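Structure, as structure tokens:
The values are calculated or read from the model by the stated rules, or taken from the named source; none is laboratory data. Given the structure is predicted, the values throughout are model-derived calculations rather than measurements. Neighbour counts run over all protein chains shown; Cβ positions are idealised from the backbone, glycine included.
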Amino acid sequence: MPWPLVNVILALAMAYLLLRMGAMILGSFARPVPAPPDPGELRKVRLTYRCSICSTEVRMTMANDEVPEPPRHCQEDMELVTPVDDI
Ligand SMILES: [Zn+2]
């Protein structure tokens, strides 16, 4: 087999591989919503938050962390009412 032909075949194989990789990367971008966390990763929590502006209170029952980010109300972070020691 003459060498130039081998080069052409190699180039075609490389082009095909790059195309496949590009399509895979594009496919991962196109995925609309990231997979929800495993149910085992969620923790049952009992945290109460109060809005410092309007005094609304909310209870968080499930979180992805033992000390999750506080929710927002009136465009401010809500205050954690439950002491963290109680969890
Ligand atoms: Zn509020």
Looking only at region 75-87, which residues are at pLDDT 85 or above and surrounded by 12 or more Cβ atoms within 10 Å (Cβ to Cβ)?
Glu76, Asp77, Met78, Glu79, Leu80, Val81
Flag for Gly27 being modelled with pLDDT under 90, within 30 Å of Thr61 (Cβ to Cβ), of a type outside the set (Ser, Thr, Tyr) and assigned to a helix (DSSP H, G or I)
no
Conditions (1) in a loop (DSSP other than H, G, I, E, B); (2) away from the ligand (no atom under 16 Å from the Cβ); (3) of a type outside the set (Ser, Thr, Tyr) -> Arg46 fails only (1)
